[in-house]
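Novice: Just dropping this structure here.
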Amino acid sequence: MIVNDCVFSLDCAPLLDSLVSTDNLLIIQDLDGVCMDLVRDPLTRTLPHHYILAARQLDGHFQVLTNGEHIGSRGVNSLVEQTVGAVSDCRDQGLYLPGLAAGGVQLQDRYGQVSHPGVSAEELAFLTEAPRFLTESLQRLLSRPPYSLDRATIAPLLASSVLDNPVSPTLNINAFYHHWHAQPALYGQLQADSAELLQQLLGEAARRGLQRSFFIHYAPNLGRDAAGRERMRPAQAGSAGTTDLQFMLRGAVKEAGVLVILNRVYQQRTGVYPLGEDFNVREAPSNSDALLQLAVERFDPAHMPRLVGVGDTLTSSPDERDAATWLRGGSDRGFLTLVQALGVAFEQDNRVLYIDSSHGEVQRPGVHGDYLRAQPGEPWPALQGITDADDPLRINSVFLGGPAQYIGFFCALAEARLTR
């Protein structure tokens, strides 16, 4: 039964009641900016203990889908272990967050068993070299004009900017945005130079015969161009634009991850993999329409769960060359749009939840304070930079309080479902 037909609802109580009573429920949730604040240095992130316990209580009804990683020095598993206090307890009690990381190529169950389906040994070997290349290249770049930074200044900036993720090495340049807050032109130049470094890494991969293995993911971004490449969001006055430049395995897009998750959920509930036991994001269709068509053809509607997609990274900006055209992007847009489309196709009351992550240390567009004063049906000024009146993706619920509010909602849902 549809309990909330309106969009942009701030009242989560009806949604909570509805999800408590939904037997066949599946929450697909991003992590950074959703269940933890965005921070300048990922090593300073924390994950509340009650959230970890709630995720375990929702076993079978909860999966993560993130561009971050489970493993590595900056992986979410280390946050779980720090909070719980013992690796053995995390494993024995099944406290790790299940689902897909690195855009969909890193699979984990709640006991911390990790695999990389569809990824070759050659690709993994190349990825291990990428952080060193990025560190050395960025160090040389920063020591020369126009930056001309000394070694003592460069060292901490590099430590927080080059993320040695095992399968998605990343340049997180947010620290530079704050370092050059009074010199935005230098930050803008570094943003462009960083993109060039990632392009050089793509070129080196091609020289080693891996020209079809990788792509560059920009977060946040301005959607994709006609060739399917993501558009970087340039820094502008008061806006950091793209702060994360990720070197990712081709096929690692979140919307493909939705089908991988559903394929495994169907197997858990029916004993059969509708898409085959080895189905992974690297062999999934490359566009959303084809993903939706595959789902319609292969998933039995009788077992399709009611989906709740939760994310925080959406962008929408008018094209400077054509004011009537909108550039819509954000790393959560694809999977949230597919969640919405699956709801229509399977006649399910799927929900799209938007978490306002602008309260953290990373500059992101947020919901403006005049939201509550907007006219019914016209909240667009409050959501400027996030969505627009003609956006096909319709946000159902907005969590103005950011991760703290969402965590409260998530824990209340887990407890209510446990005691119903």
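Novice: For the stretch 177-204, name all the residues that are of a type in the set (A, V, I, L, M) and within 25 Å of the chain's Cα centre (by Cα).
Specialist: Answer for the stretch 177-204, where residues must be of a type in the set (A, V, I, L, M) and within 25 Å of the chain's Cα centre (by Cα): Leu190, Ala192, Ala195, Leu197, Leu198, Leu201, Leu202.
Novice: Can you tell me which condition Leu336 does not meet? The list is (1) part of a strand (DSSP E or B); (2) surrounded by 24 or more Cβ atoms within 10 Å (Cβ to Cβ), and all the others hold.
Specialist: Here Leu336 clears every test but (1).
Novice: Additional query: When you check Leu158 against the structure, is it open to solvent by less than 10 Å² (accessible area, probe 1.4 Å) and either in a helix (DSSP H, G or I) or of a type in the set (Lys, Arg) (or both), yes or no?
Specialist: Numbers: open to solvent by less than 10 Å² (accessible area, probe 1.4 Å): no; either in a helix (DSSP H, G or I) or of a type in the set (Lys, Arg) (or both): yes.
Considered against the rule, which asks whether it is open to solvent by less than 10 Å² (accessible area, probe 1.4 Å) and either in a helix (DSSP H, G or I) or of a type in the set (Lys, Arg) (or both), Leu158 comes out as no.
Novice: Just to be sure, is Val344 under 23 Å from Leu10 (Cα atoms), assigned to a strand (DSSP E or B) and assigned by the TED database to the domain that holds Asn67?
Specialist: Criteria not met by Val344.
Novice: Can you work out which of the residues in the stretch 123-152 that are touching a residue at least 12 places away in the same chain (Cβ under 8 Å) and among the hydroxyl-bearing types (Ser, Thr, Tyr) is farthest from Gly251 (Cα to Cα)?
Specialist: Tyr147
Novice: Kindly indicate whether any position in the stretch 123-143 is loosely packed, with under 14 Cβ neighbours inside 10 Å, outside the structural domain of Ile52 (by the TED database) and not in a helix (DSSP H, G or I).
Specialist: Within the stretch 123-143, none of the residues are loosely packed, with under 14 Cβ neighbours inside 10 Å, outside the structural domain of Ile52 (by the TED database) and not in a helix (DSSP H, G or I).
Novice: Here's something else I'd like to know. Under the condition of being more than 20 Å from the chain's Cα centre (by Cα) and among the acidic types (Asp, Glu), which residue from the stretch 295-313 is nearest to Gly60 (Cα to Cα)?
Specialist: Applying the first criterion (more than 20 Å from the chain's Cα centre (by Cα)) to the stretch 295-313 yields 295-306.
Those still in the list that are among the acidic types (Asp, Glu) too: 297, 300.
Details: Glu297: 24, Asp300: 18 Å.
For the stretch 295-313, the residue satisfying everything is Asp300.
Novice: Do you know which of the residues in the stretch 211-234 that are in contact (Cβ under 8 Å) with a residue 12 or more places away in the chain and assigned to a loop (DSSP other than H, G, I, E, B) is farthest from Asp30 (Cα to Cα)?
Specialist: Going through the stretch 211-234, the residues in contact (Cβ under 8 Å) with a residue 12 or more places away in the chain turn out to be 212-224, 228-234.
When the remaining residues are screened for being assigned to a loop (DSSP other than H, G, I, E, B), the result is 212-213, 220, 228-229, 233-234.
Details: Arg212: 27, Ser213: 24, Pro220: 14, Gly228: 23, Arg229: 22, Arg233: 21, Pro234: 24 Å.
For the stretch 211-234, the residue satisfying everything is Arg212.
Novice: What about Ala345, is it within 23 Å of Gly251 (Cβ to Cβ), among the small types (Gly, Ala, Ser) and open to solvent by 10 Å² or more (accessible area, probe 1.4 Å)?
Specialist: yes
Novice: Restricting to the stretch 348-361, name every residue that is open to solvent by 10 Å² or more (accessible area, probe 1.4 Å) and either in the same structural domain as Ala237 (by the TED database) or part of a loop (DSSP other than H, G, I, E, B) (or both).
Specialist: Gln348, Asp349, Asn350, Ser358, His359, Gly360, Glu361
Novice: Select from the stretch 95-122 the residues that are among the charged types (D, E, K, R) and in contact (Cβ under 8 Å) with a residue 40 or more places away in the chain and write down the one among them that is farthest from Leu47 (Cα to Cα).
Specialist: Glu122
Novice: Only one of (1) at pLDDT below 95; (2) in contact with a Leu (Cβ under 9 Å, 6 or more places away or on another chain) is not met by His70, so which one is it?
Specialist: For His70, the failing item is (1).
Novice: If a residue has to be open to solvent by less than 10 Å² (accessible area, probe 1.4 Å) and part of a loop (DSSP other than H, G, I, E, B) to count, how many in the stretch 256-312 make the cut?
Specialist: Matching residues across the stretch 256-312 total 4.
Novice: Also: Go through the stretch 200-244 and report how many residues are open to solvent by 60 Å² or more (accessible area, probe 1.4 Å) and in contact with a strand residue (DSSP E or B) (Cβ under 7 Å, 6 or more places away or on another chain).
Specialist: Residues in the stretch 200-244 being open to solvent by 60 Å² or more (accessible area, probe 1.4 Å) and in contact with a strand residue (DSSP E or B) (Cβ under 7 Å, 6 or more places away or on another chain): 2 in total.
Novice: Residue under question is Tyr266, and the condition is that it be more than 16 Å from the chain's Cα centre (by Cα) and farther than 19 Å from Val310 by Cα; does it hold?
Specialist: Yes; evaluated as a whole, the condition is true for this residue.
Novice: Could you please tell me which pairs satisfy a Cβ distance under 9 Å, a separation of 6+ or placement on different chains, a first residue in the stretch 285-309 that is over 19 Å from Thr270 (Cα atoms), and a second residue that is open to solvent by 70 Å² or more (accessible area, probe 1.4 Å) and not in a loop (DSSP other than H, G, I, E, B)?
Specialist: Partner pairs satisfying both residue conditions: Pro285/Gln293.
The values are calculated or read from the model by the stated rules, or taken from the named source; none is laboratory data. Here the structure is a predicted model, which means the values were calculated and not measured. All Cβ positions, even for glycine, are placed from backbone atoms using ideal geometry, and neighbour counts span all protein chains on display. Calculation scope for accessible area: heavy atoms of the full protein, side chains included, ligands and nucleic acids excluded. Shrake-Rupley method; radii C 1.70, N 1.55, O 1.52, S 1.80 Å.
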